[in-house]
1. Going by C-beta contacts inside 10 Å, put H10, H50 in order with the fewest on the left.
2. What number of lysine-lysine pairs in the chain show an alpha-carbon separation below 25 angstrom, given a sequence spacing of 8 or more or placement on distinct chains?
3. Radius of gyration and Dmax for the chain's Cα atoms, expressed in Å?
4. If each DSSP helix of 4+ residues adds -39,500 (n - 2.57) and the sum is divided by the residues in the chain, what number results at 222 nm, nearest 500 deg cm²/dmol?
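Bear in mind that the values in this text are calculations on the coordinates, not laboratory data. What you see is a predicted model; the values in this text were computed from it and never measured. We place every Cβ from the backbone using ideal geometry, glycine too, and count neighbours over all the protein chains shown.
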Amino acid sequence: MSSQEKETKHISIVISKKVHQAMKSAAATEDKHLYQITEELFVQYVKEKHPVLYAKFLEKED
């Protein structure tokens, strides 16, 4: 195997439905938080780098 080739291995695990549901719920919550953080950072970026565009957006919101 060359240095650039990588071997991929797969494993399977069995978990209960309750654990699976809890994991899905945690992932959805994490996605929600990441979306909120991304949104806040984008607003901050536009406000700092493009103040005219930001001001126009605020006018449309009113």
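1. Working: H10 4, H50 12.
Exposure proxy ranking, most exposed first: H10, H50.
2. 9
3. Taking only Cα atoms of the chain, I get Rg and Dmax of 21.8, 63 Å.
4. Details: 2 runs with 44 residues, N = 62.
Counting only the DSSP helices, I get -25000 deg cm²/dmol.
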